[in-house]
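Remarks on the structure that follows.
The values are calculated or read from the model by the stated rules, or taken from the named source; none is laboratory data. Remember, predicted model here, so these are calculated numbers, not experimental data. When we count neighbours, we look across all protein chains shown, and the Cβ atoms used for this are built from the backbone with ideal geometry, even at glycine. Side chains included, ligands, DNA and RNA excluded: accessible areas come from the protein's heavy atoms. Shrake-Rupley method; radii C 1.70, N 1.55, O 1.52, S 1.80 Å.
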Amino acid sequence: MSMAPGITLKGSATIEGRQLFAPLSLTLDAGRWTCLLGGSGVGKTTVLRLLADLPTGAAFDGTIAATDELPVAERIAYMAQSDLLLPWASVEKNITLGARLRGQTGDAARLEHLLDRCGLQDHRHKKPTELSGGQRQRVALARTLMEDKPIILLDEPFSALDAQTRAAMQDLAVELLEGRTVMMVTHDPGEAARLGHAIHVMTATQLQAVTPPQSSVPRAVEALDTLTCQSALLKLLMEQVA
Amino acid sequence: MKVWPPFAATIFALVVWQSIVTATGVQKFILPGPALVAEAWWTNRLVIAEHTLVTLQEILLGMAIGTTLGIATALQLATSKTARTLIQPILVFTQALPVFALAPILTLWLGFGLWSKIAMAVLIIYFPVTSAFFDGLMRTPPGYLDLAKTMQASPSRILWQIRVPAALPNLGAGVRLAAVYAPIGAVIGEWVGASRGLGALMIMSNGRAKTDLMFAAMLTLGVLSVLLYLAAAKLTRRLGDRET
Ligand SMILES: Nc1ncnc2c1ncn2[C@@H]1O[C@H](COP(=O)(O)OP(=O)(O)OP(=O)(O)O)[C@@H](O)[C@H]1O
Ligand SMILES: [Mg+2]
């Protein structure tokens, strides 16, 4: 992996002439986790898709730049809420999809390493339908990591999981994504409080930064500063709905 | 699949059939009873078998050619916008035409042999196969395409690695439809002009007031069609084994 750059998105977006979000500036610090929260429909996924250069319904007026001034979109790996596993392909084939789509041979050693780390060795020849929800998300995480990109965009990747599986996935993700620039869109204040080196709450008019706890990520769920941060975030989100 | 419900239904149909024949006292060249038909079938079993092989050959060749053409057209349409704007309206228009009406012309062009019947079968199954596969190719879950884009995949690799496999269940549905339609196409071709095949046998027996033989040929065709469908379903089930 090349050095992870920082990313800045500046600008505003409209959907059919109607403003989606006012001019805002979002900075993702190099090698850090940035969590983006906000009400439903406020434009979080749109921001993430703009960074990935994926089609959105919105017209974006602004710039996206990396601190090293190299192109952004080709250096990202993307993981969505739905695991997007190909049902006809085995776990192994799903993890190495990127290489096949580029006509390359996958890095076999890296595959073994990721199967080990994600606890998937016993499942490598199975089809996704034979896996549990947590196992499927581990495959999706392994596929994301197999890409070995310096920038990782996560759109509510763990929101469909039960609480303890989600916490385990958060720990694994932090461990395996170390050193990469990560942006995670989430609905869960607890998740942001555990994982964010920076936390932003998005509204139609602004992006509000919330100071995360000082401790290193992943933070203990039961730690007081994590819980304080979580409730502050929840309060902020509730005020916006009101 | 349970065996006994269709079995019971068959027995029931035979009983109803025989009761109607007995109750109405209808003449046997108008409606022969099941026993007579069975007898005609047994006496003529070699003739029927010979004609069945001809029809089966037409159906299988028609399915192979029609499916291949359908797959090729669907791929062409799915990958080229120009092809879509040019071919799609023509395709829809030809579907509005009664294809059966073409049967006499096909015989005129291709003669009384196998090929006019194969052409008829091809014409009938071409559209269902094309449209089923094309639909599948155009309805790739958008998330897969997003993922492929972030992986810098080329359009041709996206087609072969993602769009085609994702559309295989649809192709399977198209092939199953083809298995139902192809026998109809072949038999219509035979009705219009042929000396061989189950359709030809039906026309000939009808002309000679051998209604029992006509029924025997028709029922053989029915059984053949069902077996074909079951075979197609078995072959294509593998294509469809994915959760949706
Ligand atoms: N392809 C599209 N075409 C038109 N409008 C769209 C499209 N995609 C999203 N939108 C609209 O853009 C707005 C922002 O959508 P976006 O998906 O970014 O919200 P979000 O913040 O991610 O919401 P959620 O938390 O529910 O996922 C919504 O009002 C949505 O209706
Ligand atoms: Mg969203």
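What the table below lists for this structure:
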item: Projected label distance in nm at B:Phe29 and B:Ser154, using a 7 Å step from Cα toward the beta-carbon; result: 7.1
item: 1.4 Å probe, heavy atoms, protein only - residues of the stretch A:88-121 losing at least 30 Å² accessible area vs chain alone; result: A:Trp88, A:Leu97, A:Arg100, A:Leu101, A:Arg102
item: Ratio of Rg to Rh over the protein assembly as shown (Cα coordinates, Kirkwood Rh, two decimals); result: 1.17
item: Kirkwood Rh, angstrom, the stretch A:7-241 [1 / mean 1/r, Cα pairs]; result: 18.4
item: Accessible surface of the stretch A:7-241 [probe 1.4 Å, protein heavy atoms]: carbon and sulfur percent; result: 52
item: Mean accessible surface per residue for chain A, computed with a 1.4 Å probe while every protein chain stays in place, in Å²; result: 43
item: Cut-off under 5 Å, modelled amide H: who pairs with A:Cys35 long-range; result: A:Met184, A:His197, A:Ala198, A:Ile199, A:His200
item: Distance between modelled label sites at B:Leu14 and A:Arg117, nm, 7 Å Cα→Cβ extension; result: 6.8
item: Listed residue (B:Gly174, B:Pro142, B:Thr220) projecting farthest to the positive dipole end of the stretch B:122-228, Cβ model; result: B:Pro142
item: 22 Å tail of the calculated P(r), the stretch B:137-244, as % of Cα pairs; result: 53
item: Surface accessible to a 1.4 Å probe, per residue, for the residues of the stretch B:1-154, Å²; result: 58
item: Hydrodynamic radius by Kirkwood, which averages 1/r over all alpha carbon pairs of the stretch A:24-136, in angstrom; result: 16.9
item: Largest-first ordering by accessible area, 1.4 Å probe, given options B:Trp160, A:Trp88, B:Trp41; result: B:Trp160, B:Trp41, A:Trp88
item: Sulfur and carbon atoms: percent of accessible area, the stretch B:162-224 [1.4 Å]; result: 66
item: Heavy-atom accessible surface that B and A bury in contact, both chains counted, 1.4 Å, Å² to 100; result: 2000
item: Cα-centre dipole for the protein assembly as shown with unit charges at Cβ (Lys and Arg positive, Asp and Glu negative), debye to 20; result: 1460
item: Using alpha-carbon coordinates, inclination of helix B:211-240 to the longest axis of chain B, degrees; result: 20
item: Helix B:81-96 axis, angle to chain B major axis (alpha carbon atoms, nearest 10°); result: 20
item: Charge-dipole axis of the stretch A:7-241 as Lys and Arg at +1 and Asp and Glu at -1 on Cβ define it, positive-most pick from A:Leu36, A:Gly179, A:Pro157; result: A:Pro157
item: Values of log10 I(q)/I(0), in the order q = 0.07 Å⁻¹, for chain B under a Debye, Cα-only, solvent-free model; result: -0.33
